[in-house]
1. Mind telling me which of the residues THR74, THR5 ends up being open to solvent by 90 Å² or more (accessible area, probe 1.4 Å) and among the polar types (S, T, N, Q)?
2. Identify all residues within segment 17-66 that are within 27 Å of ALA2 (Cβ to Cβ) and either in contact (Cβ under 8 Å) with a residue 24 or more places away in the chain or of a type in the set (A, V, I, L, M) (or both); write none if there are none.
Amino acid sequence: MASATVRISLKAQEVVRRLSAQTGRKMQDILDEAVELYRRQLFLEKANAAFAALRMQPGAWAIEEEERTAWDATLSDGLDD
């Protein structure tokens, strides 16, 4: 796997080092997971903000609810699980 050098604070390095010692995982794996979790958190925050903005528009929100109702009907389409 390719890698890159990234500067982090000594405090962050110590936290990662402790986490590595506690879990037995490599520091790189801990950082990789932390970055992925942060990426997902930002994605969900943006999605939540977009839905909040959509909800402030009654017409657009009504269309969203209609679409959700249409998709909900597909849950009971008679197919076996």
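The values are calculated or read from the model by the stated rules, or taken from the named source; none is laboratory data. Just so you know, these numbers come straight off a predicted model, no measurement behind them. All Cβ positions, glycine included, derive from the backbone under ideal geometry; neighbour counts span all protein chains shown. For the accessible areas, the whole protein counts, side chains as well, though only heavy atoms, and no ligand, DNA or RNA atoms are used. Shrake-Rupley method; radii C 1.70, N 1.55, O 1.52, S 1.80 Å.
1. THR5
2. LEU19, ALA21, MET27, GLN28, ILE30, LEU31, ALA34, VAL35, LEU37, LEU42
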